[in-house]
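To start, the structure under review is shown below, and the notes come after it.
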Amino acid sequence: MMTKTIGAEAALTALKGWTKGEGERDEIAKTFRFDDFKQAFAFMTATALKAEQMDHHPEWSNVYNRVEVVLTTHDADGVTTRDLELAGFMDALAARLG
Ligand SMILES: C[C@H](O)[C@H](O)[C@H]1CNC2=NC(N)=NC(=O)C2=N1
């Protein structure tokens, strides 16, 4: 699918629970909370496989049951449809795991 730069504001209108990232860049962010570390890591494992498939990777950190995620497209210096796709995947996966 052709990647289109849409910007964080537009992406946020199509997503639930995401916010503009706190960094200087055009980015979106979300903190996912799970029951325990195993669920959080299962979420990261499945997302990692999707990221590899898409060749589009999150910037993220994990503390126990929490996964903090920032999405932006480095090659486009901003939020693109690839970030929207990966965010949607993560939301659907978290809902299934939750
Ligand atoms: C060489 C490799 O295809 C590129 O660096 C890919 C890898 N993953 C990526 N992930 C993200 N978030 N943005 C990119 O621009 C990007 N580019």
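Dividing the alpha-carbon radius of gyration of the chain by the rule-of-thumb value 2.2 N^0.38 Å gives 1.01. Against the main long axis of the alpha-carbon atoms of the chain, helix 37-54 sits at an angle near 30°.
Run lengths n ≥ 4 of DSSP H only: what is the helix-derived mean residue ellipticity at 222 nm for the chain, with -39500 (n - 2.57) per run over all residues, to the nearest 500?
Details: 3 runs with 41 residues, N = 98.
Computed ellipticity for the chain at 222 nm equals -13500 deg cm²/dmol.
Helix 81-97 versus the longest principal axis of the chain: what angle, 0 to 90°, nearest 10, using Cα atoms? For 81-97 against the chain, the angle is about 20 degrees.
Just so you know, all these numbers are worked out from the coordinates, no wet-lab data involved. No experiment lies behind these values; they were computed from the predicted model shown.
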